[in-house]
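Here's a structure for you.
Bear in mind these aren't lab numbers, they're just calculated from the coordinates by the rules spelled out. Note that this is a predicted model, so its numbers are computed, not measured. So basically every Cβ, Gly included, is an ideal-geometry build from the backbone, and we count neighbours across all protein chains shown.
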Amino acid sequence: MDRRETAALLAYIGRLDPRTIRTDQGEARDQLAQWHELLGDVPLATPHGWDARIAARRHIRTSPYQILPADIGRPWDSYRRDRLARHTDPTPSADPDDQVAWTAELVGTRRAVAAGSTQPAQARAITSGRQIDPELEARLREVGSCIPPEARADLARLWPARAAREAAIAQGLPDALSVRCTWCEAPIGAPCRRRRVGPDGFARGNTARANPHHCRRDLAAAQQAQQPAMA
């Protein structure tokens, strides 16, 4: 509240409780200065449920004691705590790599919720629809993937089979890992295995292959060719 709003609040309280009225000009000036010092960070009203006049009227109606600035400040603090307790931070639309912008957006949203200018963001319930922030969806289309290119290059060295699979799918080739391998019996989604057999006939190695076996690729291509016909 600015000084004019504080003065308006004191005039409203004076109409309800004449005990708060100061007839001496100096006392009235000191009272205004005191209330403004204690309630300067408390808004007179917000778009979402807070009104200092309602808090004052409630106190005067229910308490026999003369109202004090604390009787306005305590309800305001409770109002702020309640709103922040019901708030779930939404995902910022800023670039996650820009830590300053990301943090600033989070802090700005929380301050707006606490100040009563924005409604708390509730946790979304699980629905059958796919709801994405339009700004995030536009950025995802711009970048092409939620994984940065540098991280994807590092992951390709760690998981060569997955990188080869993604490259094949990007080129329009059939997904070999979508079928079971009839050679090494690798299940669906798992890479093929390179098995070495020793002189005694037992397997000596079971290393994952970056590229699937030819029979698996042929089976995936045949299955892909059958899908348009079945459709």
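Compute the helix-to-body angle for 149-158: its Cα long axis versus the longest principal axis of the chain, expressed 0 to 90° and rounded to tens.
The answer is roughly 40 degrees.
Another question, then. When only alpha-carbon atoms are used, what values of Rg and Dmax, in angstrom, describe the range 43-97?
Just the Cα atoms of the range 43-97 yield Rg and Dmax of 16.1, 57 Å.
Considering the options G14, T88, W35, tell which one lies farthest towards the positive end of the dipole of the chain, charges being +1 on Lys and Arg and -1 on Asp and Glu at the Cβ, about the Cα centre.
Result: T88.
Sticking with this structure for a sec: Tell me which residues come under 5 Å, amide H to amide H, from A208 once H is placed; ignore anything under 5 positions away on its chain.
R194
Can I ask one more? In sequence order, what are the phi-derived ³J(HN,Hα) couplings for the range 41-51 according to the Karplus relation 6.51 cos²θ - 1.76 cosθ + 1.60 with θ = phi - 60°, rounded to whole Hz, with x for glycine and proline?
Once rounded to whole Hz, the list reads 9, 9, x, 5, 7, 10, x, 10, x, 9, 8.
Taking chymotrypsin sites (Phe, Trp or Tyr not before Pro) as exposed when DSSP calls them loop (any state but H, G, I, E, B) and at most 16 other Cβ atoms lie within 10 Å, what is the longest stretch of the chain free of them, the sites themselves excluded?
Values: sites that count: Y65, W183, F202.
Formally, the longest exposed-site-free interval is 66-182.
Identify which of the listed values of mean projected area of the Cα convex hull in nm² was calculated from the structure shown: [x] 23.2; [y] 11.6; [z] 13.8.
Recomputing mean projected area of the Cα convex hull in nm² here gives the entry labelled [x].
Using Cβ contacts closer than 10 Å as the measure, can you line up T182, T20, T6, T62 from fewest to most?
Final ranking by Cβ density, sparse to dense: T62, T182, T20, T6.
Treating only the Cα positions of the range 1-82 as identical point scatterers, give the base-10 log of I(q)/I(0) from the Debye formula at each q in 0.12, 0.13, 0.14, 0.16 Å⁻¹.
Debye curve over Cα of the range 1-82, log10 I(q)/I(0) at q = 0.12, 0.13, 0.14, 0.16 Å⁻¹: -0.32, -0.37, -0.43, -0.57.
Points 7 angstrom from Cα along the Cβ direction at A210 and L32: gap in nanometres?
8.0
Further question: Label the range 155-194 by shape, choosing from rounded, prolate and oblate, from the square roots a ≥ b ≥ c of the eigenvalues of the Cα gyration tensor; if a/c is under 1.5 it is rounded, and otherwise prolate applies when a/b is larger than b/c, oblate when it is not.
It comes out oblate by the Cα gyration axes.
Which value, in debye to the nearest 20, describes the size of the charge dipole of the chain about its Cα centre when Lys and Arg Cβ atoms bear +1, Asp and Glu Cβ atoms bear -1, and nothing else is charged?
1000
Report the FRET efficiency, 1/(1 + (r/R0)^6), for S117 and I21, where r is their Cβ-Cβ distance and R0 is 45 Å, rounded to 0.05.
0.85
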